[in-house]
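Q: Structure below; questions to follow.
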Amino acid sequence: MQKSTFILLIAGFLSACSSKNKPGYATDTLKYPYKASYSSDITVPGNPVNAQKVLTVWKMFESNNIQGMKPYYADTVTYNAADGTHFHGPIDKLLAYAKQDIDGLDSMRFDILMWQSAHINDKNEDLVSIWSRERRYPKKGGKPDTVLMQENWQVKDGKVVAFDQYTAKK
C-alpha cells in the first residue's frame, strides 16, 4: 500500500486528472506513457474535513496529547513508517507506540509545508497527503534532528484506517 498510495497521489497531482469539479478545466483526454497500477481516477480536492482531522492528529502528537488522538482512528490501523517498520493492529497499541516515541523527546515541532485531500473515485477511498519539516529535540543531550516528511493518510467513514510515511534528511 505504501508505494502504490504514494505513486497514486503524485500521479494524480501531476496529471491534474480530476478537474471534474473545477470550472474552466478541460476533461483529461491525454494518453500517458504509463498506466497507474492502483488508480488515476482522482478528485482533487477531496473532502477538506478529512484534512482537518488528520492535521488535528498531527497537532495532538506534536503537543503530546496522545489519548486525545484516539477518536480520530478506526479500531484497527495500518502504519508503514519511513524506517521500514510496519504496524497493523489495535489503535491502543499504536497510541502506546506513539506515546513512547514522544516521551523520548524534550520537544518537537512540525512546520507544515502543504496538505491536500483527494478522493479516489473508482476505489471510493479518501486520502490526505501532508508535506512537512519535522524537528525533533531529544531528551538527555541527544542531537536535534530535522527531516523532510511526506505522509499519506487513508480515511474511511471519518476515521483514519491507514497511513504511510516517507522522509528525507534535510
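The values are calculated or read from the model by the stated rules, or taken from the named source; none is laboratory data. Note that the structure is a prediction, hence the values are computed from the model and not measured. Virtual Cβ from ideal backbone geometry, glycine too; neighbours counted across all protein chains shown. Each accessible area value is taken on the protein alone, full model and side chains, heavy atoms only, with ligands, DNA and RNA left out. Shrake-Rupley method; radii C 1.70, N 1.55, O 1.52, S 1.80 Å.
Q: If you take the residues of the range 52-93 that are closer than 22 Å to ASP126 by Cβ and hydroxyl-bearing (Ser, Thr, Tyr), which of them is nearest to the chain's Cα centre (by Cα)?
A: Once the filter is applied, the top-ranked residue is TYR79.
Q: So THR43 ticks every box in (1) open to solvent by 60 Å² or more (accessible area, probe 1.4 Å); (2) modelled with pLDDT under 95; (3) among the hydroxyl-bearing types (Ser, Thr, Tyr) but one. Which box is left unticked?
A: (1)
Q: Also, quick follow-up: Within the range 119-170, how many residues turn out to be within 14 Å of the chain's Cα centre (by Cα), closer than 19 Å to THR56 by Cα and either outside any strand (DSSP E or B) or among the aromatic types (Phe, Trp, Tyr) (or both)?
A: Total meeting the criteria: 3.
Q: Does GLN100 qualify as being surrounded by fewer than 13 Cβ atoms within 10 Å (Cβ to Cβ) and either farther than 23 Å from GLN52 by Cβ or within 13 Å of the chain's Cα centre (by Cα) (or both)?
A: yes
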